[in-house]
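Here is the structure we will look at.
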Amino acid sequence: MKTFYIETFGCQMNAHDSEKVIGTLVSQGYSQVPTVEEAELVFYNTCSIRDKAEQKVFHRLQQFKRDGKGKTFAVLGCVAQQEGEKIFEKAPHVSMVCGSASYNQLPQMLVQLEAGNRRVTGLSLDTEDTFETPLTRRDNPHRAYITIIEGCDKSCAYCVVPFTRGPERSRTSASVIAESRQLAEMGYTEIQLLGQNVNSYRDPSAAGWDFATLLDNVGRVPGIRRVRFTTSHPRDFVKQIVDAIDENSTLCNHVHLPVQSGSTRVLAAMRRLYTRDEYMQRITWMKSARRPIAITTDVIVGFPGETEADFEATLGLLDEVEYDSIFSFKYSRRPNTSALALGDHIEEEEKGRRLAILQEKQRQIQIRRNAAYLGVIEECLVEGFNQATGQWIGRTSQNKTLNFLRPVENGDLTGRYVEARVTRAGPNSLAGEYVN
Ligand code: SAM
Ligand code: SF4
């Protein structure tokens, strides 16, 4: 039996793609090993969203340039799609490059590798198929990921995704529901629907479901107790999604709605297709919902031309929305993107200064927001036990970590839904006690 090792970089989509790649490899008779040293085939599933992420994979490959004799190296994912055959020049010990739109060709590509071909490529983006495999090897025994839409049809000025993942392709609602049912039968209780922009989901079958309808129906699959989804684009985020969350308690009351900037001028330069006011309209829908919806976001600081006043507008937006948490990044120049042509690039040091100010402001907001949970009883899905702290690790419907105490001798809680009362609140997590 041939052995393989896989390392995954980047987003949840990549993590889930790797689960499917592993399933495919196992079905072809390969066996996964935990270290590069033990492997004959080494896969890197890569991310190119920022320059740092891209450099990581070349650094990894460099490490094995000399010590990797006898092994076959393959680069998958976004860097593979972006750099293509140039990777063979940069790292001659790589034998295969394959972007995510070509993973359905993996079995044939493996045959070519076995036959000794040292320049195997899967770089086509014009595939009509989505990458479906019933053989997905899932990492988490309770939460399962389902890709509902691949690729992206937006053209945000800073983003490589449309180039690395190709145009949008939605899966049929029937296949999403069938997979959800199958997962429930296997004992999964939480489903996370994935896509670069889940809101622009459009059922290609005659049923013609939109995202809100799909979400609601996944939430009605017997045995499924929680449904999450990521990522939402504000332009396609409609009120029906909030209504669905209000009406169906299986749908988690958490929405990740990346804003990127609080300045309408910068949003226009980013080609985000919404103004600050339009974004705030979506926030108002969520804040007016019957259930308390946790809201999280992504922010980019230092986009070309971002003035101090634009940055202040983003800080003001954080105060106005009071996010439960944010992911924040310094703008990074990416190949092929239209922002490269913009003038007035901001110095790295200045980007770093803005990022630090933004993150400190958000930390204060999170301290305030989380303090409001003191005394509140929350239902948690128990994800595991932390030996170091002696606490169970729970996750609330709002996607907050709630760690709590309960003697291990009283039984394993992993995978169960239990209630815990919040007794302490920090900026990044809550702590509490088990409630019988
Ligand atoms: N599709 C999602 C959306 O529209 O928000 C997110 C895609 S991307 C994987 C995740 C986040 O990375 C983005 O929301 C953005 O904040 C950040 N990002 C993307 N390109 C970037 C760049 N060139 N520099 C810095 N951050 C970037
Ligand atoms: Fe990138 Fe914009 Fe598409 Fe998100 S919506 S993946 S940020 S191009």
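The values are calculated or read from the model by the stated rules, or taken from the named source; none is laboratory data. A quick note: this is a predicted structure, and the numbers were derived from the prediction, not measured. Cβ placement follows ideal geometry from the backbone for every residue including glycine, while neighbour counts extend to all protein chains displayed.
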Out of all the residues in the stretch 296-312, is one or more at pLDDT 95 or above, surrounded by fewer than 21 Cβ atoms within 10 Å (Cβ to Cβ) and closer than 30 Å to ASN217 by Cα?
-> yes
Taking the stretch 280-314, which residues are part of a helix (DSSP H, G or I) and either closer than 15 Å to GLU350 by Cβ or within 12 Å of ligand 1 (Cβ to nearest atom) (or both)?
-> GLU308, ALA309, ASP310, PHE311, GLU312, THR314
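Based on what the data block shows, is GLU419 under 30 Å from ALA157 (Cβ atoms) and at pLDDT 95 or above?
Details: under 30 Å from ALA157 (Cβ atoms): no; at pLDDT 95 or above: yes.
Taking the combined requirement at face value, the residue does not satisfy it.
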Does ASN436 fit the bill of being polar (S, T, N, Q) and closer than 20 Å to ARG228 by Cβ?
-> no
Residue count, the stretch 210-238, condition out of contact with any helix residue (DSSP H, G or I) (no Cβ under 6 Å at 6 or more places or on another chain), in a strand (DSSP E or B) and more than 15 Å from ligand 2 (Cβ to nearest atom), comes to 3
Looking at the stretch 196-209, is at least one residue touching a strand residue (DSSP E or B) at 6+ places or on another chain (Cβ under 8 Å) and in a helix (DSSP H, G or I)?
-> yes
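The rows are residues; the columns are (1) within 16 Å of ligand 1 (Cβ to nearest atom); (2) at pLDDT 95 or above; (3) of a type in the set (Gly, Ala, Ser); (4) within 30 Å of GLY415 (Cα to Cα).
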{"position": "ARG118", "(1), (2), (3), (4)": "no, no, no, no"}
{"position": "THR130", "(1), (2), (3), (4)": "no, no, no, no"}
{"position": "LEU135", "(1), (2), (3), (4)": "no, no, no, yes"}
{"position": "ALA184", "(1), (2), (3), (4)": "no, yes, yes, yes"}
{"position": "GLU190", "(1), (2), (3), (4)": "no, yes, no, yes"}
{"position": "ALA207", "(1), (2), (3), (4)": "no, yes, yes, no"}
{"position": "THR213", "(1), (2), (3), (4)": "no, yes, no, yes"}
{"position": "GLY223", "(1), (2), (3), (4)": "no, yes, yes, yes"}
Candidate set from the stretch 1-42 (those that are buried (at least 18 other Cβ atoms within 10 Å of the Cβ) and within 16 Å of ligand 2 (Cβ to nearest atom)); member that is nearest to ALA144 (Cα to Cα) | HIS16
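Here is a yes/no grid of residues against (1) without any contact (Cβ under 8 Å) to a residue 12 or more places away in the chain; (2) more than 30 Å from ASP203 (Cα to Cα); (3) not polar (S, T, N, Q):
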| site | (1), (2), (3) |
| --- | --- |
| GLN32 | no, yes, no |
| ALA80 | no, no, yes |
| PHE88 | no, yes, yes |
| SER95 | no, yes, no |
| GLN105 | no, no, no |
| THR136 | no, no, no |
The condition of being at pLDDT 95 or above, away from ligand 1 (no atom under 16 Å from the Cβ) and surrounded by 15 or more Cβ atoms within 10 Å (Cβ to Cβ) holds, among ILE177, ILE148, only for ILE177
Can you tell me which residue among VAL79, VAL75, VAL36 is part of a loop (DSSP other than H, G, I, E, B) and of a type outside the set (Lys, Arg)?
-> VAL36
